[in-house]
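I have placed the structure first, in the form of structure tokens, so that the comments after it can refer back to it.
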Amino acid sequence: MNRRRTPRSASAEDLLSTLQHLTARARQEVELHQARVELAQALQRKMLPATLPAFPGLQTAARYAPARDGLDIGGDWYDGFVLPDGSLGLAIGDVQGHDVEAAAFMGQIRIAMRAIASSAADPGEVMARTNDLILSMDSTLFATCSFLRLDPRTRELWSARAGHVASVWATTDGHSGITADAGGLPLGIESSQRYAVTRRDLDVAGAFVLLTDGVIEGPSLSIDDGLDRIRRLVSAHAGADAEELADRVLHAAVFTGHEDDAAVLVLRHGETSSWPL
């Protein structure tokens, strides 16, 4: 007796068609998301400074790394520039959110802060005016940030913080610590904010390191433990040059689980005799 193959039912054909459609749609969504990630990476590279200023007796270096899975990109930034009076302006920050929108917003903040710092010497005023400008853009994003102003003649470092993580410092004579500056709300939350300013004298050779939370916090490490780990690392290499120290600090981000992007900005200062008068 001849047996005939049972024809596929209409429901089976419909299921195969549906699976093919869903597979094609998923592939398109993955490709679209990858395109957005690549665009955010390109924006990030273009908007971060290619070089940082330096003075006799003073080195600066910075590093940036995307998240380990390559998806959380676009939020962190750093900057360094010479102000009209010859002082050095330094900034580091982290935009809430990621992808293209965050990368573009990061660029707006960086440009705005540079422009405002050129006419406002006080870091607290720079932060307040940047905050109000961001709010006038009517964006739904906000950012944490630290801004510093260093006078190479007096060796005075003035800083203000807007919801950002603390910084780490160490000197070659064996002292180190984590900053405890009074901070304000992140930028873009509420208007008419005031930001306290902290003054420091860089009269002993050492390093001052600014970072974003991707360096110190993650599934494998709490923020307090992460900060202390970086403090010990910077203390152990306080005499290293800025480039080497920046590499070491960024490499330490692997201990967090590295789910967020990460940025590091190092200010390496020598003995006071090597500074310009």
Whole-percent pair-distance distribution, where bins are 5 Å wide, for the alpha carbons of the range 98-184: 3, 12, 21, 22, 18, 12, 7, 4, 1, 0
Would you mind telling me the share, in percent, of accessible area of the range 142-203 contributed by carbon and sulfur at probe 1.4 angstrom? 48
Could you work out how much longer the chain between Phe255 and Ser17 gets when fully extended? Use 0.36 nm per residue separation minus the Cα distance between them, nm to one decimal. 81.1 nm
Theoretical FRET efficiency, 1/(1+(r/R0)^6), r = Cβ-Cβ of Ala180 and Asp122, R0 30 Å, to 0.05: 0.90
So, relative contact order of the range 154-223 in percent, Cα under 8 Å, 6 or more apart, is 40
Accessible solvent surface per residue of the range 144-277, calculated while the other protein chains remain in place, 1.4 angstrom probe, Å²: 41
Solvent exposure of the range 74-123 as accessible area per residue, Å², 1.4 Å probe: 29
With the dipole of the range 46-162 worked out from charges on the C-beta (+1 for Lys and Arg, -1 for Asp and Glu) around the Cα centre, which of Phe142, Phe81, Ile92 lies farthest toward the positive end? Phe81
The extension gain from Ser222 to Asp241, computed as 0.36 nm times the residue separation minus the Cα-Cα distance, is 4.0 nm
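The values are calculated or read from the model by the stated rules, or taken from the named source; none is laboratory data. Keep in mind that this is a model prediction, so the values were computed, not measured. Glycine also receives a Cβ, built like all others from the backbone with ideal geometry; neighbour counts cover every protein chain displayed. Only protein heavy atoms, including side chains, enter the accessible area calculation; ligands, DNA and RNA are left aside. Shrake-Rupley method; radii C 1.70, N 1.55, O 1.52, S 1.80 Å.
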